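The values are calculated or read from the model by the stated rules, or taken from the named source; none is laboratory data. Only a predicted model underlies this, so the values are computations on that prediction, with no experimental measurement involved. Neighbour counts are summed over all protein chains in view; Cβ atoms, including those assigned to glycine, are modelled from backbone coordinates with ideal geometry. These accessible areas exclude ligands, DNA and RNA; they are computed on the full protein's heavy atoms, side chains included. Shrake-Rupley method; radii C 1.70, N 1.55, O 1.52, S 1.80 Å.
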Amino acid sequence: MLNLEGNKIYLRALEMSDLDFLYALENTTDLWEISGTITPYSKKVLQLYLDNAHRDIYDVKQLRLCICTKEEEVIGLIDLFDFDPKNKKAGIGIVVLQKERRNVGIGADAITVLCNYAFRVLDLHQLYANVLEDNLASIHLFKKLGFEQIGVKKDWIYSNGDYKNEILFQKINICT
């Protein structure tokens, strides 16, 4: 049986009941910098997204999962994106919506669960993460979980009138 459960959280597929959470998350302008979003999403557009969320990772090249507390509250999302089965790699991204839920081990738990799934079930060789250089909490998190900094993309993100560098992290599955 596939178990996507950590010490503090579990991961599950998106459900139709997640529309309001997805709407709040996708329209939080503070997060647009990392998502590349520049306009709000309507509930109708997000409903269409949810209608197709069941599609296979091999088809859409992405897997988005809800991060849930043991009490079944949805608190964030975690993604595999740019899934490349030929080269056995994917990007990983995570967001926890409520600031008070950050820096308490939830992100580490969720990333650990998803890494185990990606390496053991999807048979990936590597995962990578893109982190803005001023996101010190995420830099610390990925380093703590064994991701290695392998590069810096200079002036990669334009935000609030300034360019920001983005750090590229990589984790190789040493079990392959």
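Some observations on this one:
- Normalised alpha carbon radius of gyration of the stretch 1-89 [divisor 2.2 N^0.38 Å]: 1.15
- The fraction of accessible area contributed by carbon and sulfur in the stretch 104-162 is 48 percent, rounded to a whole number (1.4 Å probe; ligands and nucleic acids excluded).
- When +1 charges are put on Lys and Arg Cβ atoms and -1 charges on Asp and Glu Cβ atoms, the dipole computed for the chain relative to its Cα centre reaches about 460 debye.
- Rg in Å to one decimal, and Dmax rounded to a whole Å, for the stretch 74-176 via C-alpha atoms: 14.0, 44
- The stretch 11-159 - Rg over Rh from alpha carbon coordinates, Kirkwood radius: 0.94
- Extension gain (nm, one decimal) between Q126 and D20, 0.36 nm per residue minus Cα-Cα: 34.9 nm
- Computed over the stretch 116-176, the alpha-carbon pair-distance distribution with 10 angstrom bins reads 22, 43, 25, 8, 1, each value a whole percent.
- Spacing of the modelled spin labels on S159 and E72, each 7 Å from Cα toward Cβ, amounts to 3.5 nm.
- Virtual spin-label span in nm between K61 and C175, 7 Å along Cα→Cβ: 2.7
- Comparing L132, I150, G107 along the charge dipole axis of the chain, the residue lying farthest to the positive side is I150, per the Cβ-charge model.
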